[in-house]
Amino acid sequence: MFELLKKVLAPIGPSGLEGPVAEVIREEIKDYVDTIEVDALGNLIATKLGKAENPRKVMLSAHMDHIGYIVTGVEKEGFLRVTNVGGIGMNNSYNRHVVFAGGVNGVVVAQPVAGQPALKDLFVDIGAADREDALKMVSLGDVCVYAGECFRLGEHRVAAPAMDDRCACALLVKLLQTVGDTQDTIIAVFSVQEEVGCRGAKVASFAKEPDIGIALDVTGWGDTPGVTQPEIKLGEGIGVKVMDRASISNPELREALMAAGEKAGVKTQREVLPYGGTDAGAMQTSRAGIPVCTLSVPCRYVHSACEVIDMRDMDAGLKLLQAYFA
Ligand code: CO
Ligand code: ZN
């Protein structure tokens, strides 16, 4: 799973520009599904037909997009002004290495101001001599993301930018590769634009009309100094969501997923998140409504340049889903 995760983490894919991620995923899944399509927004949708006479349609959604900084202006000295694409925090915007799709490197910096710097006080230094030089390297509207290789942390953990939500993309790829024949039809959606409001999952669930929707995403953590909420610990199993700010999980579906975890002999954690949301929020209110739940990979330092997960939780999530579809 680690090798696959590395592959899926590698492409640069900010919200709205997920194509390179979709290409990598398509190669990995093409021999394991019945159809693959890309819709108008760029969602990669793979369908694996169920063997039941009237199979249920279960949509699994993991988002490909990553938060970033979009260029809004170029100063005459060559510094780029930016704003956020998705949930960029100021804490993670001080002297960070960022990279554009074309490979241009930058450092995002906050200029000194009276009081707390805001997004408008950020600039990206790309080493340009002046505005003209900068515009040879980037254009207005180009987006950069946190740069960085993924690396191991201790025996079980891995850190990388874009772990939200490429780790769940890798999990979904692995499920398709290993699940074999199922009674249910699996609609695997590698979605776009989650970080700017779950737009990809919204249109995909409308188009595919699933009977059940399960989002695969990261969640927060409560196991580092000074952080106790949510009550989620890395390495203690896959999270099964009860609620976040965008969805309330269907109780029967939630319990069915918990039971599948028990059947598989893996650890699960009930997850109540007092902030945030996932593609489940978009699926839940699609058409006449869809029962949803989210399986969550516990993740420290979400939306930073070093998002940390535990591979044992990935394994728990995979085995739970295999048992759910068995
Ligand atoms: Co996110
Ligand atoms: Zn996410």
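Computed from the coordinates by the stated procedures, all read-outs in this text should not be read as laboratory data. If you're wondering where the values come from, they're calculated on a predicted model, not measured in any experiment. Because the Cβ atoms are built from the backbone with ideal geometry, glycine has one as well, and the counts that use them run over all protein chains shown.
Some points to look at:
- Residues that are assigned to a strand (DSSP E or B) and without any contact (Cβ under 8 Å) to a residue 40 or more places away in the chain, drawn from the range 84-98: Asn84
- Residues that are more than 16 Å from ligand 2 (Cβ to nearest atom) and either in contact with an Asp or Glu (Cβ under 7 Å, 6 or more places away or on another chain) or not in a strand (DSSP E or B) (or both), drawn from the range 55-69: Pro55, Arg56, Lys57, Val58
- Ala129 touching a residue at least 40 places away in the same chain (Cβ under 8 Å) and surrounded by fewer than 15 Cβ atoms within 10 Å (Cβ to Cβ): yes
- Qualifying residue in the range 165-174 (condition: farther than 13 Å from Leu60 by Cβ, surrounded by fewer than 24 Cβ atoms within 10 Å (Cβ to Cβ) and hydrophobic (A, V, I, L, M, F, W, C)): no
- Scan of the range 207-239 for residues that are among the β-branched types (Val, Ile, Thr), closer than 18 Å to Gly276 by Cα and surrounded by 15 or more Cβ atoms within 10 Å (Cβ to Cβ), ordered by number: Ile214, Val218, Thr219, Ile232, Ile238
- Among the residues making up the range 79-91, those that are more than 17 Å from Asp164 (Cα to Cα) and buried (at least 20 other Cβ atoms within 10 Å of the Cβ) are Phe79, Leu80, Val82.
- Scanning the range 28-72 for residues being over 19 Å from Pro210 (Cα atoms), hydrophobic (A, V, I, L, M, F, W, C) and buried (at least 23 other Cβ atoms within 10 Å of the Cβ) gives a total of 2.
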